[in-house]
Structure formats: C-alpha cells, structure tokens
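Remarks on the structure that follows.
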Protein chains: 2
Amino acid sequence: MKLYETLAADIALSIQEGVLRLGDRLPSVRQASASRDVSPSTVFQAYYLLEARGLIRARERSGYYVVGDVRKLPPEPEQASQPDEDSSPVDISELVFEVLESSKMRDVVPLGSAFPSPLLFPLARLAKAMASSVQQLDPWSTVDDLTPGNPQLRRQIALRYRADGLHVQPDEIVITNGALDALNLCLIAVTRPGDAVLVESPTFYAALQSLERNGLQAIEVPTHPREGMDLAALARVLERHQPKACWLMTNFQNPLGSLMPDEKKRDLVALLSQHDIPLIEDDVYGELYFGDKRPAPAKAYDTKGLVMHCSSFSKCLAPGYRVGWAAPGRYTRAVARHKLTTTLAASAPAQAALATYLEKGGYDRHLRQLRHTLALQQTQFMEAIARYFPPGTQATRPRGGYFLWVELPHAVNALTLHRQALSHGISIAPGPIFSAHQGFTNCIRLNYGHAWDARTEAALATLGQLVQNA
Amino acid sequence: MKLYETLAADIALSIQEGVLRLGDRLPSVRQASASRDVSPSTVFQAYYLLEARGLIRARERSGYYVVGDVRKLPPEPEQASQPDEDSSPVDISELVFEVLESSKMRDVVPLGSAFPSPLLFPLARLAKAMASSVQQLDPWSTVDDLTPGNPQLRRQIALRYRADGLHVQPDEIVITNGALDALNLCLIAVTRPGDAVLVESPTFYAALQSLERNGLQAIEVPTHPREGMDLAALARVLERHQPKACWLMTNFQNPLGSLMPDEKKRDLVALLSQHDIPLIEDDVYGELYFGDKRPAPAKAYDTKGLVMHCSSFSKCLAPGYRVGWAAPGRYTRAVARHKLTTTLAASAPAQAALATYLEKGGYDRHLRQLRHTLALQQTQFMEAIARYFPPGTQATRPRGGYFLWVELPHAVNALTLHRQALSHGISIAPGPIFSAHQGFTNCIRLNYGHAWDARTEAALATLGQLVQNA
C-alpha cells in the first residue's frame, strides 16, 4: 500500500467511525501535510482517492468536505439507456401535465418539483436591485431596448462567459423569458414541422413537449447516467437519420444529473459539426457544480457557430423573474427575430434589476453558498434513500444540480408510485414523463433542492415503504 | 333649419373664425341651455351633430372639446379594401423586419413606431408600485404562481371587465408576456400547420408573421376603413373556405384605426359562431377611446366561449413590462398549457407591480389624461396632413388609439417613400407590410402618439413634399 493510500484508508476509517462526520471540513492540504508529516502531494493524492470514492468532495475555494460513506449509499446505475433509436412522433404532453398539475398543491413535500426552494435565493437583495433600477429606468428603453435585450445585462452575461474562458460577445446574446423560451426559439429557428430532433434518453419533459407542439419527431439516443449521451450510439443514429437538431444538457442533466466529461463534449461538437447539425445546449444547471470549477459547456468547443447555448437565472438566482438567454452562434439573428414575433421581449424591469444585481457583485458569493447547501442536501437525500429504500434501488450521484435519478426494482411502476405518494402528500417525478415512449417505468426523479428536515426524511421513509410494498 | 341645427351652425362658425380654438372646452349642456335659452335636448342634438361632423368630440366625464374644422381635414377613405379572398401562404416577415429594423434608430422622428411615447406613461408611480410589491413578494409565489399568473392581477383584470359590463372570471384569465404572446398562444391553441385563418385587409403585420411562422394560410377579408371587417364579405368567404380561426381588432384597428359598431360586433360573433370558428380578438387599443365610454369588445356578445379576448398593459400603462393576458373562453386550459410549454409564465415582479398599481387606483385618471392627449395630437396631425399633403390624400379619422391610415395618390409607392423618409430622419409604416399580398402600395400608417412639436410638424411637411414629388 502506497503512502497516500494508507493516509486515505485512515481518513476513510475516521469517517466510518463517525470521528469525521457529514459536512465536516477536512484539514487543508498544508495542515495535513504538517500534522501527518507527509508531502503535500501525498495529501493531494489521498484526497483525490477519497473524492473518487465519493467520501469527500472539493468545494470551490473552501477545501474538502465529508459527504458520506460511499458504501452506505445506494449503488449507481451503470448502464446507458437503450431506446429504440428510431424517430417517432411525440405524444407525451397530456401525461406530463397530468402529473405536474396533480403535484401543484403547496402543502405537498415537493420531491417532484422542477425548482429548488425559493428560500435559497437572495430575494431581498434582488428586490433592492429592482427598486433602484426601476426608478432609474430610461423611459425610452421600454420601447427601444426590446429584443435582443437590455445592453447592460447582455454585457454582464458576456463577462461571465469571459470569466469561464468563453468568447461570447454581447451581440450574440438574446435575452429571453427564461431558458425554456430560449430553447424553444432555438428549436423553431432550425426546424420545420415533420423534422426529427435528437434528444437524450431520458430527457427533460419540456423538450418533448416542445417537439410535440411543433410537430417534430424525436429520436432518443442512449444516454449514460453519469456521462450523458452515448457518442457511439449518436454516431450510429447519424448514419441512419437526418435530424435537424440535437437538444441536450451537458451539465447535470435533468433528470439524470449526468455530467458529460470535457473530452466527450469536444467529441460531441465535432461529431455534430461533421453532419452540420446544430446543438441546442440547455445549460441551466451549469453554475450549480459541487466541484472546484464550472464545467465547460459544449459551446466552449464550438468553432462553427453551431452550438446554441441556452441558460437562465431561474435556477440559480431569480426564480419567477423569467429572464434567460440564448447565445445561438450563427442563428442569432433568426432567434432574435422569432423572439420579436412571439413575445417581443423579456420584461424590462426584470432585466434591469438583474443587470444591477450582477454589476453590484455578490452573485458569486451567493452561488458558492447555494452549491454548498445543495451538495450537503444531496448527501442527506442519498443516505436516506440507502436507509429507507429496498435493495435493488440504484441512484445517480450527480456532481451538481438538484436532481437525483432513482432506478427502483423492476416490479415498481413509477406512475402508480406517483399516485400513491401523492395520496401521502408527497410529489415525485415519474420516469415515463421523461421519454417519448413513456419508458423508465421503474424510475423516478427526486428533487433535493429543498431544505432537509424531519418532514423530508419522513417523506423519503414513506416513499421507501411504498416501493417496498410494490 | 331646426333650432339645434341653427345652434350647431353658430358654434361651427365660432370654430371657423377661431373664436373657439382647438382644444377649447365647450360650455356644458346646462350652461349652454341657460345662456342660449334653449332646452338641454336641443344643446345635446347640436353637440351630436357637431361631433358627427368631426368638429367637436366628447371626452369621458369632462364634456365636449373642439377638435378642429372637418372641412380643413383630409377626406376620409370610404371604400372597403378588396383583397382576393383566397387563402394563401404568408411570406411577409422578411419585409416587415427590413422595414422595422431600418427604422430603429432613436433619433428618427418615429411616425412609423408601433408604440406611443413612453413619456405618456406614469413610470414613476409604476416604479413605486414595483419597489413596494417586490419587497413583499412571497418567495413561494415565484415558483408556485406561474401560469395562469398572479391571482391579484387576474382579479384586478376581472374587475375591469366587470366595470365594462363583461363577466370574465379570474379563472378564465391567463397572464402572458404582452398581448402578442396572448394572441400567439390563442392561435396555436386552435390551429395546426396548413390551416387557414381569416384576417383583416389591411391587418397588423405581427398577425401575418404569426401565421407565417406557424405555417398557416391567410385569408384576407375586405375591411372598411371606419367600420372594420366587412361582414357580407366575411359571410361570402365562409361559404367558400373552412378557416380554423378569425384574428382581428374590433376597436381602433391597427393600422386603420377602424371601430366596429356594436351591432356589427354582435353580428360578427353570431356569424362566426354559426360556423363554430373561434375569434381571436386583439383589443390592445380599446382603452384608448376618445368618446364617452369604452367600446365593447366582441367578447361582450360571446355566448359560446368562442371569443378569445387578448389585451395588455403595454399600450396604455406599462410599456416594457411585457404583461398582457388572454381570456380565451373554452380554450382557456389549452392556452394555459401552451403558455407553460413556451415561456412558462410572465415575470413575477412585473405582474405583482401592476397588481399593486391597479389596486391603489389612479389607472383611470391616467387613462383619461392619456386619451385627452392622444385625441388632441390626432387633430394636430390631421390638420398638418391637410396642410402639407397634396390633394388626393385621404386619411382615416379614428375615434381612438394612436394610428392614422393615410391613402396617398396612386402614383406614390409607400416602400420608396419609406426609404426616402428614412434618409430624411423620418420613419413611417408603409402599407405593404400590412398585407400578405403586399398590397396597399400607396398607403402608410402614421403614429400620432408622440408629442406634437416643431420637429414633428417639420417631419410631416417633409413627408408631404416627398409625396408631392412622387
């Protein structure tokens, strides 16, 4: 056993014995190096090993934290999905609405919710930014600064791209009513009714609803629960079909939580470019990473202007403001024009408020806090799943975002479970709403973006019991 | 000559001689009855006659005002348009954008603008309402009160319907990102690509752009410049075609300014109902009436839930906030669902701010002032057109809104005029953008919703000279 492995084993033992507990911060590399009398690089190696085993996790600018004992967590699913790779019309919207509407009561434990808790957001500071910016709003801006949107806000967004190493000019940015609007506008900019579009399997239900509304065919591509869309499968599909676009999430995919590795993102962009297929990249969770830096979007590897990068402030900062954007590369003009003929522009006061908030600073501090909270809540959720769910349960272990994908024993029917859970005052998102073929019948998506408390734990215990009984 | 005619002639003389001048308030009926020693009903009859001749105009709660000398105004066009009444695909969007984008510079005299001057709106009071409401915003409302929208705002809108004698429940109201969003959502709720939709001739260019984007055919129906869509022609078209919807504006139509009389609205609804065709009613200018009460929307005559009434606050109160609504009758659920899958919801702070503003009162006072201003500016515009434009020029005389439709001598090409005007720093809206067939080549729409000043008058003089030269 090498020195760093010994050190790692020693720390793992402390975690198992409860000496180091969930949420505890590990000594810094310098401290550990001094106290254990080993080189800093040995400590680094030990920490990397523990991180790879899921016991600890690095958090940006604040060192390593205990996130649990991986052996106590449910196993991760390891198989990519196996959709039939054919194109098919989509008829899922009714089911999605049925599920979403039934879960809308405010007193339900919102494990099926699409949003994190709004209490996680700096709403008071945003209100201040709104109050000051709306009083200074240039009257002419309300009729002149329509789409592409508030120039200050577009500049702030471009600066954030720049900080992440991407060169996206303010002129390429079109402000939208949230990311969903951005995604829809990108979709209609590059498709006509009857066209086929590549999506993940499982995929975000709103993507399926967009395809359905626009009379588009879906081609579901096998997707790995940890690494996202399977590129070999994608290459295979591209031999057989002529899709007009690919719509996916590279970072903390909804519902899997998968994170596509950088080199895979690069290969994805290259593969699609070969076929001249635009990529509609939904990156609304990219800022909610638990690691030490923001994972790059596929847009970072785009050299031909084919990647249409979409994001928003709805999941990270300002739910309800409905401000998002697209950076649609060569389709920027087409997207802006569709924006003008559908909703004209995003709300001017909301745009101005966000520009002011971003200019004043504090967004990154807020994000660090938010990531911390979500990472901790994820571990608490996973441990509860391990505790309360029957053997045969698998769960993804996302490195960001606020969704878990749980694969239950095959006997479980997620739609039945959804109804049973609701009757116990608990919402979940059943697997079939994430697939044009209504597959994933034994899977559910859980939201850990709400405060961990006794009520949430009781809800998971109830859910585990319902699964057990199935 | 009857007594009231004598009285009317006397007052008309005072106007021609300049004793009574533009903007002057006439004596109240009671005052005139006493000073002239005639019965109040004689005064009423005289005032009605003068109003019918366009010399004076009633303004809500404040009596009659001098609006000009009708003999000095350009004649009104009297012929309904004569489109070919066939269905045809739409390919107009490119031209519309070309025109709109070229006119976007802020230093241009904005006679082609779609908006009234933002200086006409109570932006400071709105900012106060925003500041107070955003600080009290319930965090949960930002994720729970998505579509159909803020309950307080929907209640305020329902109250305004009630005050106008319409029974629209808050539950029927879907808040949207402005009226354009509402209209689009209504359109996609009742059509599929390839369907035909009835529109006016000329019609609002954004309606044509919506049809084009959604792969719909347009059937242009003859439309009278004062009374709106020609119902005999509509009946004829309904014999030959099976349109899936009719999209029009009953009140102060854009671009004509036409106002459909009440009985015609009733007949319109009855005729469409017979064929079970939904009416998408764009009523964004209804509040900008110059008469003594708000003209009813066609929705007032709807008994079958077929009228989808759309409006917004963008033209009357809060440009840039992007808050409008649809009251889509039997299609309410479908419209709400399309809203959820396109942009999810309108901006929560903007909705809350408007709800607060409406609750606090002051909207009606603001509207009275706004109508006053627009009515006066219309007269100033019309008189300038009479002064500066060559004989053969006709102009509509709308009883509300802020658009004039000008029919120029047939030799004039409106697209050429548009380019010439732009080179003189003046924007106009050329007729061809209001028609799927790019007709109305000798017509233009002018916006009188901006302050009347020397610059505006000089612009009209220049425009008149360009027309003269054509």
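Structure values in brief
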read-out: Of all residues in segment B:128-155 being in a helix (DSSP H, G or I) and either within 26 Å of the chain's Cα centre (by Cα) or more than 25 Å from B:Ala182 (Cα to Cα) (or both), the one that is farthest from the other protein chains (Cβ to nearest Cβ); value: B:Arg155
read-out: Selected residue (only one of B:Asp292, B:Asp282, B:Asp267, B:Asp230 is surrounded by 23 or more Cβ atoms within 10 Å (Cβ to Cβ) and among the acidic types (Asp, Glu)); value: B:Asp282
read-out: Residue within segment B:235-242 that is modelled with pLDDT of 95 or more, crowded, with 24+ Cβ neighbours inside 10 Å and either in a helix (DSSP H, G or I) or in contact with a helix residue (DSSP H, G or I) (Cβ under 6 Å, 6 or more places away or on another chain) (or both) present; value: no
read-out: Flag for B:Thr416 being away from chain A (no Cβ under 14 Å), among the β-branched types (Val, Ile, Thr) and under 17 Å from the mean Cα position of the chain (by Cα); value: no
read-out: Filter result for B:Arg213 (surrounded by fewer than 21 Cβ atoms within 10 Å (Cβ to Cβ), closer than 27 Å to B:Pro148 by Cβ and facing chain A (nearest Cβ under 10 Å)); value: yes
read-out: Options A:Val99, A:Val66: the member that is in contact (Cβ under 8 Å) with a residue 40 or more places away in the chain, of a type in the set (Val, Ile, Thr), surrounded by 19 or more Cβ atoms within 10 Å (Cβ to Cβ) and not assigned by TED's automatic domain parsing to the domain that holds A:Glu383; value: A:Val66
read-out: Subset of segment A:317-344 that is of a type outside the set (Phe, Trp, Tyr) and within 11 Å of B:Ala346 (Cα to Cα) - its residue that is farthest from the other protein chains (Cβ to nearest Cβ); value: A:Val323
read-out: Yes/no for B:Asp195 being more than 30 Å from B:Asp230 (Cβ to Cβ), surrounded by fewer than 19 Cβ atoms within 10 Å (Cβ to Cβ) and more than 24 Å from the chain's Cα centre (by Cα); value: no
read-out: Exclusive hit being at pLDDT 95 or above, touching a helix residue (DSSP H, G or I) at 6+ places or on another chain (Cβ under 7 Å), over 16 Å from A:Ala348 (Cα atoms) and of a type in the set (Phe, Trp, Tyr), set A:Tyr205, A:Tyr161; value: A:Tyr205
read-out: Enumeration of residues in segment B:15-27 that are outside any strand (DSSP E or B) and either of a type outside the set (Gly, Ala, Ser) or surrounded by 17 or more Cβ atoms within 10 Å (Cβ to Cβ) (or both); value: B:Ile15, B:Gln16, B:Glu17, B:Val19, B:Leu20, B:Arg21, B:Leu22, B:Asp24, B:Leu26, B:Pro27
read-out: Residue in segment B:17-27 that is in contact with a helix residue (DSSP H, G or I) (Cβ under 8 Å, 6 or more places away or on another chain), at pLDDT 85 or above and within 23 Å of B:Gln369 (Cα to Cα) present; value: yes
read-out: Residue match in segment A:169-179 (condition: free of Cβ contacts under 8 Å to residues at least 24 places away in the same chain and away from every other protein chain (no Cβ under 14 Å)); value: yes
read-out: Sole exception among (1) out of contact with any strand residue (DSSP E or B) (no Cβ under 8 Å at 6 or more places or on another chain); (2) under 25 Å from B:Pro122 (Cα atoms) for A:Thr147, by number; value: (1)
read-out: Count of segment B:273-321 residues which are of a type in the set (D, E, K, R) and at positive phi; value: 1
read-out: Pick from segment A:69-96, criterion crowded, with 18+ Cβ neighbours inside 10 Å and in contact with a Pro (Cβ under 7 Å, 6 or more places away or on another chain), ranking: farthest from A:Val29 (Cα to Cα); value: A:Pro83
read-out: Filter pass, B:Arg36 being basic (Lys, Arg) and touching a helix residue (DSSP H, G or I) at 6+ places or on another chain (Cβ under 7 Å); value: yes
read-out: Residue count for segment B:48-63, restricted to those that are without any contact (Cβ under 8 Å) to a residue 24 or more places away in the chain and more than 22 Å from the chain's Cα centre (by Cα); value: 1
read-out: Residues that are over 23 Å from B:Leu120 (Cβ atoms), at pLDDT 95 or above and of a type in the set (A, V, I, L, M, F, W, C), drawn from segment B:423-470; value: B:Ile433, B:Phe434, B:Phe440, B:Cys443, B:Ala461, B:Leu466, B:Val467
read-out: Pairs with Cβ under 6 Å, 6+ apart, first in segment A:191-203 and free of Cβ contacts under 8 Å to residues at least 40 places away in the same chain and within 14 Å of another protein chain (Cβ to nearest Cβ), second surrounded by fewer than 24 Cβ atoms within 10 Å (Cβ to Cβ) and not polar (S, T, N, Q); value: A:Pro193/A:Gly215; A:Pro193/B:Pro193
read-out: Tally, over segment A:433-456, of residues that are surrounded by fewer than 17 Cβ atoms within 10 Å (Cβ to Cβ), outside any loop (DSSP other than H, G, I, E, B) and not aliphatic (A, V, I, L, M); value: 1
read-out: Filter pass, A:Gly464 being assigned to a helix (DSSP H, G or I) and either touching a Phe, Trp or Tyr at 6+ places or on another chain (Cβ under 8 Å) or in contact (Cβ under 8 Å) with a residue 24 or more places away in the chain (or both); value: yes
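The values are calculated or read from the model by the stated rules, or taken from the named source; none is laboratory data. The structure presented is a predicted model; accordingly, all values stated were derived computationally and were not measured. No Cβ is skipped: glycine too gets one built from the backbone with ideal geometry, and neighbour counts run over all protein chains shown.
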